[in-house]
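Shown next, in structure tokens, is the structure this report addresses.
Bear in mind that the values in this text are calculations on the coordinates, not laboratory data. All figures in this text were calculated on a predicted structure; none of them were measured in a lab. Neighbour counts are summed over all protein chains in view; Cβ atoms, including those assigned to glycine, are modelled from backbone coordinates with ideal geometry.
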Amino acid sequence: MFGWFKRKSSDSSVQLLDLRSEVQKLKIEIQERDKTLARLKDDLSREREARTTQVAESIRDSMKKLMANAASPVSQLVTQAHLLESQDKPVQARDVISVSKRLIRVFEDAGMKTEGSIGEIASFDPNYHAPLAGDASIKIGDRVIIRLTGVSFDGRIIRKAGVETCQDA
């Protein structure tokens, strides 16, 4: 019986050593996984920062190009305003309109689009039209006349067209 107990005790010691060895292996594996996880988190953080920087640079480059294209017409408009306001020199409306159209083309080349034409008759749609002069009586589908064009960018309306009820409706 003592032999049986000794064998059982010896078997238990071997099992205990095996379990301790397994626990140690698992601890090492967990530590390695924790290190890998920390490294991956750091990599992700660096990747996000790099992507954010890249997007910011791309936006800055796009804005720089837009501003460079707008610089000449803006400079001319400022000069025309100065001539008229500070030096009391006459400025031809045709010249101001010409420079303004050049500036509008710059914005159109950047993706802006005018929506509707002045004087155009349309069916009122609150997604595209805004009543002028607080005319809240306009209902969806009513005939309206466009007085101020709308503006969209990237397929989204950023300024609704100003409309009034059509008198001959």
Of the candidates SER137, SER86, SER98, the one satisfying the condition of being under 26 Å from GLU164 (Cβ atoms), more than 31 Å from the chain's Cα centre (by Cα) and hydroxyl-bearing (Ser, Thr, Tyr) is SER137
Within the bounds of the stretch 88-106, is there any residue that is closer than 28 Å to PHE153 by Cβ, of a type in the set (S, T, N, Q) and surrounded by 10 or more Cβ atoms within 10 Å (Cβ to Cβ)? yes
Being assigned to a loop (DSSP other than H, G, I, E, B) and either loosely packed, with under 13 Cβ neighbours inside 10 Å or free of Cβ contacts under 8 Å to residues at least 12 places away in the same chain (or both) is true for just one of ILE138, ILE158, ILE118. Which residue is that? ILE118
Quick one: is THR114 farther than 19 Å from ASP154 by Cβ and β-branched (Val, Ile, Thr)? no
So which residues in the stretch 56-83 are within 18 Å of the chain's Cα centre (by Cα) and of a type in the set (Val, Ile, Thr)? ILE59
